[in-house]
Amino acid sequence: MYEVAVIGAGPAGASAALFTAKAGKHTLLIDNDKGMTRRGWYENYYGIEQVGGPELVETGHKQAQKFGAELVREQAVSIEQSGEGFKIDTESGASYEAKHVILATGALTDLAAKSGVETTDGTEPRIKTVVAVDAAGRTNIAGIWAAGTVAGVSVHAVITAGDGAKTAVNVISELNGERYVDHDLLQK
């Protein structure tokens with residue numbers, strides 16, 4: 001069983017998986033490669049002069065994998081409670097189990113709604129519905145979290161990446177039973 005499964009691997013999802021994997025949590029990253037980030041050009045992403053969406057997404061995947069996240073290119077079709085966690089079924093028929101699930105599905109809320117996660121009206125232009133979350137990223141179902149655009153934050157990639165990191169830190173903190181902080185020091 002994975003400790004954390006992240007569904008969606010754009011900036012929010014890949015950032016969440018990067019943090020959870022780097023914290024030593026057994027992490028699964030599920031992505032269908034259909035996210036809106038792949039269609040963008042970014043000159044407003046802190047620390048990067050300019051980058052195309054496909055390169056930004058692939059870099060995020062590589063960063064998460066560097067720390068041990070397992071990336072599967074699948075379409076998640078259902079999430080249901082199973083034992084002490086959740087079972088995630090995919091379009092290909094594969095199933096995965098995880099203690100916590102982070103939804104980072106961009107503008108798509110159908111998987112969340114189908115799984116019993118509460119949704120609410122969105123506030124961003126063209127984002128009609130989002131997952132209802134608290135400030136930590138928790139949904140109405142204990143163990144299911146949401147980050148990024150699907151959780152109601154701005155569609156800007158740099159903002160969704162930060163929200164994915166924030167939610168991941170909260171999941172890690174819950175798993176550890178104490179507040180988690182990740183700071184790297186400059187190597188000389």
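Every number in this text was worked out from the coordinates using simple rules, so none of it is lab data. Here the structure is a predicted model, which is why all the values come from computation and not from measurement. Reconstructed Cβ throughout: ideal geometry from the backbone, glycine too, with neighbour counts over all protein chains shown.
Using 10 Å bins from zero, what percent of all Cα-Cα pairs in the chain falls into each bin?
The distribution over the chain is 10, 41, 37, 10, 1, 0, given as percents.
Quote the FRET efficiency, to the nearest 0.05, computed for ASN44 versus ILE141 with a Förster distance R0 of 35 Å and r equal to the Cβ-Cβ distance.
0.55
Using the structure shown, select from LYS25/LYS66; LYS62/LYS87; LYS114/LYS166 the pairs with a Cα to Cα distance greater than 18 angstrom.
In this structure, LYS62/LYS87; LYS114/LYS166 exceed 18 Å between Cα atoms.
Name the residues whose placed amide hydrogens come within less than 5 Å of the amide hydrogen of HIS100, ignoring near sequence neighbours (fewer than 5 apart) on the same chain.
The list, which skips near neighbours in sequence, is VAL4, ALA5.
For THR59 and ARG126, compute 0.36 nm times the residue count separating them, minus their Cα-Cα distance, and round to one decimal in nm.
Result: 21.4 nm gained on full extension.
Of the residues ALA147, ALA16, ALA132, which exhibits the maximal mean-square fluctuation in a Gaussian network model of the chain defined by a 10 Å Cα contact cut-off?
Judging by the Gaussian network model, the answer is ALA132.
Taking 25 °C and 0.890 mPa s as the conditions, I'd like the Stokes-Einstein D for segment 100-188 in µm²/s, using the Kirkwood hydrodynamic radius from alpha carbon pairs.
Rounded, D is 182 µm²/s.
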